[in-house]
Amino acid sequence: MSSENSSSMDTNTSALAGLIWSVADLLRGDFKQSQYGRIILPFTVLRRLECVLAPNKDFVIAAAERSQDVNETALNTILLNVSGNAFYNTSKLDLSKLGETHIRDNLDSYIRAFSKDAREIFEYFSFETSLDKLDDADLLYKVAQKFAHFDLSPEAVDNYHMGLVFEDLIRRFAESSNETAGEHFTPRDIVNLTTSLVFATDDKILTKPGAISSIYDPTAGTGGFLSCGMEYLHELNENARLATFGQELNPESYAICKADMLIKGQDITNIKLGNTLSDDQLRGQHFDYCLSNPPFGVDWKKVEKAIKDEHKEQGFNGRFGPGLPRVSDGSLLFLMHLISKMQSPTADTAGSRIGIILNGSPLFTGGAGSGESEIRRHILEQDLLDAIVALPTDMFYNTGIATYIWVLSNHKPAERKNKVLLINATDMHSPMRKSLGSKRKYLNDDALETIVNLYSRYDLNELEQSGIAKIFNTTDFGYRRITVERPLKLAFYPHDSERIEAMQADKPWAKLDESLKSAILAALAQFEDDKLLSRDTFKKQLTAVLDGVKLPAAAFKLICKHIGEQDDEAEVCTSKGQPEPNPDLRDNENVPLSENIEEYFTREVTPHVPDAWIDQSKCDEKDKQVGIVGYEIPFNRHFYKYQPPRSLEEIDADLDAVSKDIMTLLAEVHS
């Protein structure tokens with residue numbers, strides 16, 4: 001195709017999408033605005049398919065009539081060959097030949113004559129329901145005739161530009177139903193940025209003649225990431241090929257995605273329907289590029305058993321070896337799933353790159369040893385995390401929360417090894433002219449270019465001068481959680497009536513023998529001192545006063561619980577010659593991985609609590625060293641800027657101004 005023709009098609013893409021969407025004028029009044037897409041999208045697919053099939057349609061019909069005695073599998077192969085496409089239709093009907101009577105039945109017959117994969121699209125669109133509603137509103141014939149006059153043939157609109165038209169229609173559909181759009185549709189600016197970040201450093205690979213790559217989205221939605229990847233590659237290298245793979249849970253979104261890929265000439269058997277986490281339908285397959293916008297903060301209780309079984313039985317041979325996040329948020333499950341889809345770098349393959357959009361929770365939720373921390377640990381210790389970009393709030397249709405793009409790679413160049421780039425783009429937004437649900441901001445082209453340049457150029461001076469980007473070592477996000485113990489020092493108050501009453505009200509007291517209870521109370525009454533600063537002394541005196549009555553360990557523990565109290569002036573309680581820790585004073589310290597824990601302890605803890613010590617038994621399961629390793633990425637802390645409080649003079653001036661305004665208003669009311 002000449003550049004002149006391509007430019008002409010680019011110019012006409014939006015106009016053609018607008019022309020097709022104008023069918024909504026017929027629907028207005030009988031249908032809600034949010035329902036327009038459920039009619040316009042499948043009719044667009046139907047018209048495109050029949051235009052593509054038109055040149056060989058008669059040959060397919062003839063072949064079908066000649067092969068009536070052939071089994072279904074063989075017939076399918078024959079008709080696909082005759083069609084010359086990945087689908088076919090054996091009906092003599094098309095949108096222009098449905099007639100004015102029995103149009104509903106004729107249209108149903110026409111759709112059923114498509115090959116299985118194409119027919120399935122209309123089924124998951126619930127197209128029959130829409131056709132019934134159109135028929136009831138006496139609009140079916142008018143809408144069908146409208147579409148019959150659109151020229152969507154490959155000669156008029158090639159696959160690439162037809163894909164752009166269809167994406168435009170998907171966007172209009174999403175925006176017309178923005179209250180639910182975010183569940184299945186990622187805003188275009190976010191898709192563009194994420195795709196650009198993932199592809200940016202691979203331009204040399206992608207511009208090679210005959211380059212073939214694969215792209216995968218486990219939460220495909222309507223196919224935005226897959227489409228954007230294809231467009232990026234097309235603009236970079238028209239002769240390159242990008243095979244698309246995806247899986248989607250929502251049937252309608254699946255139908256839209258599958259239709260979009262069919263329109264663009266992709267193998268639609270690579271688009272699957274189902275829950276990716278519990279039923280990976282592309283099991284064992286690996287991809288060059290992975291992109292995903294999984295649902296934010298959605299629990300995985302429905303698939304809990306399947307995921308826990310895989311984690312327990314397969315470990316690192318499965319997808320969830322590093323650990324499992326809490327059931328209330330499955331975001332990190334999708335990230336681990338994508339990591340399992342990365343292909344290892346070899347002489348023939350460069351490796352894989354991932355772009356995934358997550359909320360703030362995966363950055364820091366979960367302390368050392370938790371599932372979330374262990375997942376972060378695996379990602380950072382395997383040097384998979386390349387960059388994180390913090391996005392502005394109010395960027396998505398159905399939520400205004402803070403979000404982040406994580407970029408992962410298993411083939412980092414030398415200068416990026418064991419490094420992580422953080423980019424704070426939270427202030428790089430522009431206001432939407434009209435809010436779409438919760439989306440009130442967007443990233444304009446200049447913002448997108450700035451972010452991608454900072455990431456891809458990786459110029460240290462440029463990053464430092466930007467004020468919004470910083471480079472860290474992967475170990476900067478790690479720490480050891482040490483357990484700090486302080487000695488148990490108990491003072492005893494044998495004559496304190498309130499303490500004795502509390503002891504008698506405690507459940508374990510009721511289980512003691514009555515004679516023992518009486519002996520204990522009598523013994524406490526005989527103590528000469530009101531306060532004793534030694535547990536050993538207290539026990540010796542108590543034993544002596546009991547005069548041969550055996551004191552069980554549980555009973556003495558109960559007495560210590562109520563009669564004793566931590567007192568820094570008391571003697572240290574010991575057990576087997578060692579200081580006994582007080583569980584109530586137990587604390588934890590997070591020591592950066594780059595520091596020696598003994599040096600840290602001497603500097604940060606000992607000056608404040610000289611009698612404290614580190615519990616040497618609390619060791620990390622993996623490296624067996626003292627302290628449990630944890631990882632977190634405190635993004636906001638690294639970009640925090642201190643804002644000094646306003647001066648009292650400024651505050652007083654504002655209060656005076658407000659008071660004057662109030663007095664003026666009151667004067668007007670009373671005048």
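The values are calculated or read from the model by the stated rules, or taken from the named source; none is laboratory data. Keep in mind that what you see is a predicted model, and the values were worked out from it rather than measured. Neighbour counts run over all protein chains shown; Cβ positions are idealised from the backbone, glycine included. Side chains included, ligands, DNA and RNA excluded: accessible areas come from the protein's heavy atoms. Shrake-Rupley method; radii C 1.70, N 1.55, O 1.52, S 1.80 Å.
From the gyration tensor of the Cα coordinates in segment 228-379, what semi-axes in whole Å does the equivalent ellipsoid have, largest first, with each one equal to sqrt(5λ)?
28, 18, 15
How big is the charge dipole of segment 41-172 about its Cα centre, in debye rounded to the nearest 20, if each Lys and Arg gets +1 on its Cβ and each Asp and Glu gets -1 on its Cβ?
The dipole magnitude comes to about 180 debye.
With q set to 0.18, 0.20, 0.23 Å⁻¹, the log10 of I(q)/I(0) for segment 300-356, from the Debye formula over equal scatterers at the Cα positions, is -0.65, -0.75, -0.91.
Only Cα sites of segment 438-569 enter the Debye sum here, all with the same form factor; the resulting log10 I(q)/I(0) across q = 0.10, 0.14, 0.20, 0.21 1/Å is -0.51, -0.74, -1.11, -1.19, listed in q order. Accessible area ranking (1.4 Å probe, heavy atoms, ligands and nucleic acids excluded), largest first, for L193, L460, L448: L460, L448, L193.
Shape of segment 97-159 from its Cα gyration tensor (a ≥ b ≥ c, root eigenvalues): rounded if a/c is under 1.5, otherwise prolate when a/b > b/c, or oblate? Oblate, because a/c is 1.5 or more while a/b does not exceed b/c.
Here each label is just a point 7 Å from Cα along the line to Cβ, and for N636 and D136 those points are 4.9 nm apart.
What ranking of K540, K208, K57 comes out by heavy-atom accessible area, probe 1.4 Å, highest first?
From most accessible down to least: K540, K208, K57.
So if I place +1 on the C-beta of Lys and Arg and -1 on the C-beta of Asp and Glu, and nothing else carries charge, what would the dipole magnitude of segment 535-671 be about its Cα centre? I want it in debye, nearest 20.
940
The share of Cα pairs per 10 Å bin across segment 145-295, counted from zero up to the longest distance, runs 11, 41, 36, 12, 1 percent. Here's the list of aspartates and glutamates a cross-link from K540 could span, going by alpha-carbon distance under 14 Å and ignoring same-chain residues fewer than 8 apart: E528, D529. In the frame of its principal axes, segment 18-113 has Cα extents of 49, 27, 21 Å, reported largest first. Is segment 500-637 best put as rounded, prolate or oblate by its Cα gyration tensor, with a ≥ b ≥ c the root eigenvalues, rounded for a/c under 1.5, and otherwise prolate when a/b is larger than b/c, oblate when not? Here segment 500-637 falls in the prolate category. Of the DSSP H helices in the chain, those with a Cα length along their own long axis of 20 Å or more and a mean Kyte-Doolittle hydropathy reaching 0.0 comprise 36-53, 648-670.
In terms of its C-alpha gyration tensor, segment 70-194 has an oblate overall shape, because the principal axis ratio a/c (a ≥ b ≥ c, square roots of the eigenvalues) is not below 1.5 and a/b does not outweigh b/c. Global size of the chain: 34.9, 114 Å for Rg and Dmax (C-alpha atoms, Rg to one decimal, Dmax whole). If you wrap the Cα atoms of segment 549-603 in a convex hull and average its projected area over all directions, you get 6.3 nm². Taking every protein chain into account, the 1.4 Å probe leaves V549 with about 60 Å² of accessible area, to the nearest ten. Per residue, the average separation of C-alpha pairs within less than 8 Å and at least 6 apart gives segment 85-175 a relative contact order of 28 percent. Averaging 1/r over each pair of different alpha-carbon atoms in segment 416-468 and inverting the result gives 12.7 Å, the Kirkwood hydrodynamic radius. Across the chain, the relative contact order, built from alpha-carbon pairs under 8 Å that are at least six residues apart, equals 10 percent. I want the local charge near R172. Using Cβ-Cβ distances under 13 Å, sum +1 for each Lys or Arg and -1 for each Asp or Glu among the other residues. Residues near R172 contribute 0 overall. Applying 1/(1 + (r/R0)^6) with R0 = 25 Å to the Cβ-Cβ distance of A505 and L546, what FRET efficiency is obtained, to the nearest 0.05? Using R0 = 25 Å, I get an efficiency of 0.70.
Rounded to the nearest whole angstrom, the semi-axes of the ellipsoid equivalent to segment 330-412, taken from the Cα gyration tensor as √(5λ), stand at 24, 17, 10, largest first. Counting only protein heavy atoms and a 1.4 Å probe, the chain has 49 square angstrom of accessible area per residue. Note on surface exposure: K641, K272 rank K641, K272 by accessible area, highest first, 1.4 Å probe.
With K and R counted +1 and D and E -1, the other residues having a Cβ less than 13 Å from that of D132 yield a net charge of -4.
Helix-only mean residue ellipticity at 222 nm, the chain, DSSP H runs n ≥ 4 weighted -39,500 (n - 2.57), per residue, nearest 500. What is it? That comes out to -13500 deg cm²/dmol. Among the protein heavy atoms, those of C573 account for about 0 Å² of accessible surface (1.4 Å probe, every chain in place). Work out the FRET efficiency for S126 and T269 from their Cβ-Cβ distance, taking R0 = 22 Å, and round it to the nearest 0.05. The computed FRET efficiency comes out at 0.50. Solvent-accessible area of the chain (1.4 angstrom probe, protein heavy atoms only): carbon and sulfur portion equals 48 percent. Magnitude of the charge dipole for segment 95-209, about its Cα centre and with charges confined to Cβ atoms of Lys, Arg (+1) and Asp, Glu (-1), is about 280 debye.
Net charge of the neighbourhood of S227, taken over other residues with C-beta under 9 Å away and scored Lys/Arg +1, Asp/Glu -1, is -2. A probe of 1.4 angstrom, applied to the heavy atoms of all protein chains, finds H149 with accessible area near 140 square angstrom. Across the cross-link table entries K489/K557; K92/K116; K32/K92; K57/K97, which are compared at the Cα atoms, the separations over 23 Å belong to K32/K92.
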